[in-house]
1. For the range 113-165, which residues satisfy the criterion of being among the basic types (Lys, Arg) and open to solvent by 10 Å² or more (accessible area, probe 1.4 Å)?
2. Scan the range 114-168 for residues that are in contact with a Ser or Thr (Cβ under 6 Å, 6 or more places away or on another chain) and either under 21 Å from ALA218 (Cβ atoms) or within 16 Å of ligand 2 (Cβ to nearest atom) (or both) and jot them down.
3. Tell me yes or no: at least one residue of the range 184-197 is away from ligand 1 (no atom under 14 Å from the Cβ), in a loop (DSSP other than H, G, I, E, B), farther than 24 Å from THR32 by Cβ and of a type in the set (D, E, K, R).
4. All but one of (1) part of a loop (DSSP other than H, G, I, E, B); (2) open to solvent by less than 50 Å² (accessible area, probe 1.4 Å); (3) on the phi < 0 side of the Ramachandran plot hold for MET407; which doesn't?
5. Going through the range 169-182 one residue at a time, which ones are of a type outside the set (Asp, Glu) and within 16 Å of ligand 2 (Cβ to nearest atom)?
6. Among the residues of the range 208-236 satisfying the criterion of being away from ligand 2 (no atom under 11 Å from the Cβ) and assigned to a loop (DSSP other than H, G, I, E, B), which is surrounded by the most Cβ atoms within 10 Å (Cβ to Cβ)?
7. State which residue pairs qualify: first residue outside the structural domain of ASP142 (by TED's automatic domain parsing) and at positive phi and inside the range 168-194, second residue within 14 Å of ligand 1 (Cβ to nearest atom) and open to solvent by 30 Å² or more (accessible area, probe 1.4 Å) in any location, beta carbons under 9 Å apart, and separation of 6 or more residues or different chains.
8. With the checklist (1) open to solvent by 10 Å² or more (accessible area, probe 1.4 Å); (2) within 12 Å of ligand 1 (Cβ to nearest atom); (3) among the aromatic types (Phe, Trp, Tyr) in hand, flag the one item PHE108 doesn't pass.
Amino acid sequence: MHTLEKPLILDTTLREGLQTPKVYFTLDERITILQELDNAGIDFIEIGSPYASEGEKKLVEELSKIKTRAFKVVHCRALESDVDTAPENVEWVALYLSPADRHLEAKFDKIEDKRGFVLKQVPRAISYAKSKGYKVRYTAEDAFRADPVFLKKVVIKAVEAGADSVSLPDTSGGASLTDVRRVYGEVISFLREAGAKCVIEAHFHNDMGMALANTLEAWMSGARILHGTINALGERAGIPDTLVLATWMKVKFGYDDYDLGRLIKLAEYVSKVSGIEIPPNQPISGSNVFTHTAGTHQKAVFRDPLTYQPFDASLVGRESSFALGPMVGSEGVKASLKKMGVEISMLGEEVFEEIRDRIKSAYLLHGRGASAMENIIIAEVLNKTGMTKINIPESLSAQILIDVESMGDKYFEDFCREIIAKNKGVTEIIEIWGSSFDYIVRVEEVPSLKELDAIVNNFRKVRGVLRTETLITGKKIK
Ligand code: HCA
Ligand code: CU
């Protein structure tokens, strides 16, 4: 087992998350997010940047009045005037001023001795905040690109001025695991040797896809407070997902302090109010994450879910499931039928196999659109056994999208005219522009999937046809 000290999680959805392009939260939404993070057991919650505007200051002040078990943090520049915008009721203020020359060059062109300014201003702002009774974090913005010797100089000044914690963020998101071990290793041993007793915080951006790994590495290198946001929101590619951090703590390290089910619900809520959908493959909360698709996987998972999962879905309040689809196996068919309430013990293996084979061929012939045919196929096969009487639409209508080598090709268009003239389901064919397909074929009221298959097959055989996709269409709105 590990010997690491249990980390504390800081969620900054209400500060870093608000720096996601196009994201804004109303006061009510912020209150819900704050309370749900607190209910889920998150240790620190950043509630905003009160210096940003009068409006933000008021919102942050409202949030500060809400009682939480978690410590509330506000984010400011290392300026006394920013500290004055912090509400009285928060425990912590975080003060940032980058020690990296690149930042100083870009931000303080009027100041001659930029490093000298940092060495003076950081302690000054920290002492001021301490004198007002706050716990203080100093954030060495873009620590990874600062001169390491100067970084240590600034950090020790911050600690001497009373900083209770120091954040060493990878602001621009380019750090590697080796960089993390080096920067955290150096700064932490330097502080220990100096006898400093401050906590180290880990804040990593995901521009190179390393945010979560770097955060865990920082913890293993001695950081104690790990930053995340719900749904990994934040500037650019964002920072680690708080839910994923909490899941790591439970699943890999046995720390069961956070309510993962609640965090999943909060992820859905934040997705709604931020307007940013959870990608289906988002770790832990994504809709695909406990769904098994390949027949070989399904067969094994049917007996033991852990063959293809790192942990049991119920640990995070979810369920494993099987997808039908082009790779489905008969175990997946069985599981889906069971979910539909079909008594599968009454059916022979050949029934599942027929459903499996027909679904697979449907994808080969119709492309993605076959997903809408899965239930029709199941119904057709089951009804044939005489054991069910599932309603199947009396006829099917569809649109077949066709991609041809060259639009307007005489041979293809002659074929189209002929098939319309024969009038066996195909009612019209229309050119389309600005899509990866070139024609839409309208098929109306064919009696079953078999006839639809035949029509598509006819088109596929025509010279110049590159690919097709079939969409089953529903009712006409009149
Ligand atoms: C920024 C600030 C920050 C601060 C992180 C922290 C960063 O938006 O520039 O206070 O720990 O990424 O450096 O989010
Ligand atoms: Cu950040």
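The values are calculated or read from the model by the stated rules, or taken from the named source; none is laboratory data. What you see is a predicted model; the values in this text were computed from it and never measured. When we count neighbours, we look across all protein chains shown, and the Cβ atoms used for this are built from the backbone with ideal geometry, even at glycine. Ligands, DNA and RNA are excluded from the accessible area calculation, which covers all protein heavy atoms including side chains. Shrake-Rupley method; radii C 1.70, N 1.55, O 1.52, S 1.80 Å.
1. From the range 113-165, those among the basic types (Lys, Arg) are 114-115, 120, 124, 130, 132, 135, 137, 145, 152-153, 157; that's our starting set.
Selection gives LYS114, ARG115, LYS120, ARG124, LYS130, LYS132, LYS135, ARG145, LYS152, LYS153, LYS157.
2. Residues satisfying the conditions are ARG137, THR139, GLU141, ASP142, SER167.
3. Yes: one or more hits.
4. It is condition (2) that MET407 fails.
5. So the first thing to find is which residues in the range 169-182 are of a type outside the set (Asp, Glu), and the list is 169, 171-178, 180-182.
Correct list: PRO169, THR171, SER172, GLY173, GLY174, ALA175, VAL180.
6. Ranking the qualifying residues of the range 208-236, first place goes to ALA223.
7. Within 9 Å, no pair qualifies.
8. Of everything listed in (1) open to solvent by 10 Å² or more (accessible area, probe 1.4 Å); (2) within 12 Å of ligand 1 (Cβ to nearest atom); (3) among the aromatic types (Phe, Trp, Tyr), PHE108 misses just condition (2).
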